[in-house]
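Below is one structure, written out as structure tokens, with a few remarks after it.
The values are calculated or read from the model by the stated rules, or taken from the named source; none is laboratory data. Given the structure is predicted, the values throughout are model-derived calculations rather than measurements. Please note: Cβ atoms are built from the backbone with ideal geometry, for glycine as well, and neighbour counts cover all protein chains shown.
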């Protein structure tokens, strides 16, 4: 699949503040690869918590060349920084999912700034609904990034769904950002915890699909 797609089946009246497309601050960059050095943007306010560059760099250093040729699912994508970094490092496809319209506009802005015109789609809907839709389409992924708001009730529901279904390929990885005070289970269906990286109050937990 080489095209890019934008899909939003929610009502057109869901919240989008006036000028949201322009309410953007530049605060991140692509660390390595084809789009290295491109500055990425984030909507103003505190609803989106971008992953720190140091932690993102540590994550991709761990993955190394495993990213090349992969299909990636970026859940609660926010700015799209994780999926864009994966594309920059050789991923062949990224599906971005977020339910907040300013985040969707930000992702579209960031892929445009990077000059990315293929190899991705953006789904503007609740992550749980998106997982059902993707499963019905028969999609599967090598890497899944999951970075919801730290107070989100989505963690267990989403990890259970990923562990029970076939969206994560055997041997694939699910990478979960969470606060140090949140305790995740060691196993969700076929997903088992196998390592974590900690930076301050941020923890990045790695799950692998058996």
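For the reader, a short list of remarks on this structure follows.
- Residues that are closer than 19 Å to residue 52 by Cβ number at least 2 in the following strands (runs of 3 or more DSSP E) confined to the range 74-181: 141-146, 168-179.
- Number of positions in the range 144-182 that are free of Cβ contacts under 8 Å to residues at least 24 places away in the same chain and either touching a strand residue (DSSP E or B) at 6+ places or on another chain (Cβ under 6 Å) or under 19 Å from residue 126 (Cα atoms) (or both): 3
- Any hit, the range 183-190, residues being closer than 15 Å to residue 75 by Cα and either touching a residue at least 24 places away in the same chain (Cβ under 8 Å) or assigned to a strand (DSSP E or B) (or both): no
- Residues in the range 49-66 that are assigned to a helix (DSSP H, G or I) and within 14 Å of the chain's Cα centre (by Cα): 3 in all.
- Residues that are under 18 Å from residue 139 (Cα atoms) and in contact with a helix residue (DSSP H, G or I) (Cβ under 7 Å, 6 or more places away or on another chain) were ranked within the range 96-121; the one that is surrounded by the most Cβ atoms within 10 Å (Cβ to Cβ) is 96.
- Residue check, residue 25 modelled with pLDDT of 95 or more and not in a loop (DSSP other than H, G, I, E, B): no
- Candidates are the residues of the range 33-48 that are surrounded by fewer than 16 Cβ atoms within 10 Å (Cβ to Cβ) and part of a loop (DSSP other than H, G, I, E, B); the one that is modelled with the lowest pLDDT is 46.
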